[in-house]
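What follows draws every value from the coordinates through simple rules; no lab data is involved. Not measured: the values here are computed from a predicted model. Cβ: placed from backbone, ideal geometry, glycine included. Neighbour counts: every protein chain shown.
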Amino acid sequence: MNTPSEPHHTSARTAAHLTILIRFGILLILMSFAFRKELYSIVALAAGFSEWSHVFAMPVVAMLFVLCRMDDIRIGLRKGSIWGAVLVLLGFSIWMMSTSLRFIGYATLVAMLVCFVGLILAVAGWRVLRICLPLVLMLGLCLPLGERTMERFSIDIQRESLRAALIPLKLLPGVKTRTAGMTIAYSYDGKEEHLGLAEQRFGARLWPACLVVGLFTVFSRRRPRWQVVFLILASIPIVAFCNLMRIFAWAVLAVYGGFGPVSSAPRNASLGISLIVAYGSFAFGCWLLPKLGSRIQRPFWIEDDVAADDGA
């Protein structure tokens, strides 16, 4: 039986949640204005390189993530922590130190991310911060890494993907392929071309976008801890497989589509295919693991015994 105080308590809690949301929105706008130069540099990079195009989708991804976890966020809303203000001050201190020393680069981007974490903690508390940690990681994957760091992560992925992609490419009818340095040379219809001639690292820099897709797919709903650990461990081979599929799709479109070696059409199309493969791979893992977990909890021989009893 509902008491007269319950509707009043519910409306008061809804008003409190709305106040927290408005407060967070205002502070987020102010923080975005303070870091407008850093945000502009990220957008400028994304506009120039297709591998960072996931930056433009991040606002939509962030809103979808919050909507998917809204029930958990609503339950976890508590009074903000003073440690959030400490993190915000730390972030602005890093930013001021970097700008005063003219060391404007990745440090200022990290300072912006630290301020964002502190903002969540100061407004919503520890529980909401734990729920939103995957969102923080997705935003972190939008920060452009330095050229040397990006090269270090990408070159091994590129090398192994090229070797693996040659196996299915050699099965294509009428096509001869071989590795030529860090790209693929192919001959078809009497012409020899190089695949992705104008592409830096041949698409291997797409791994941040694939990881963003994986983080959203895995953490958009609550999952048992063992499933999360398994999917995190599987993320590296999934990213490598996505890059392999991009090279294969790129080659098929370039060879049979008649596009030139510097055409952007195979590059853009294979990028979309790679992201679709990333989503499908992580979604398949999210679908398969609960079924495997239920089979482990209910051993196969139990079902055999039940079937034998029914037959008897």
(request) Determine the relative contact order of the range 5-144: mean sequence separation of Cα pairs under 8 Å and six or more apart, normalised by residue count, in whole percent. (result) 29
(request) Would you please classify the overall shape of the range 57-98 from the alpha carbon gyration tensor, given that a ≥ b ≥ c denote the square roots of the eigenvalues, rounded means a/c under 1.5, and beyond that prolate means a/b larger than b/c while oblate covers the rest? (result) oblate
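Counting other beta carbons within 10 Å of each Cβ, put His54, His17 in order, fewest first.
Details: His54 22, His17 14.
Ordered by Cβ neighbours within 10 Å, fewest first: His17, His54.
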(request) Add +1 for every Lys or Arg and -1 for every Asp or Glu among the other residues with Cβ under 10 Å from the Cβ of Thr179, and state the total. (result) +3
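Take peptides 157-164, 273-280, 20-27, 114-121 and line them up by average Cβ neighbours within 10 Å, highest first, as a rough protection proxy.
On the way: 157-164: 17.8, 273-280: 19.2, 20-27: 14.2, 114-121: 22.5.
With the highest mean Cβ count within 10 Å placed first, the list reads 114-121, 273-280, 157-164, 20-27.
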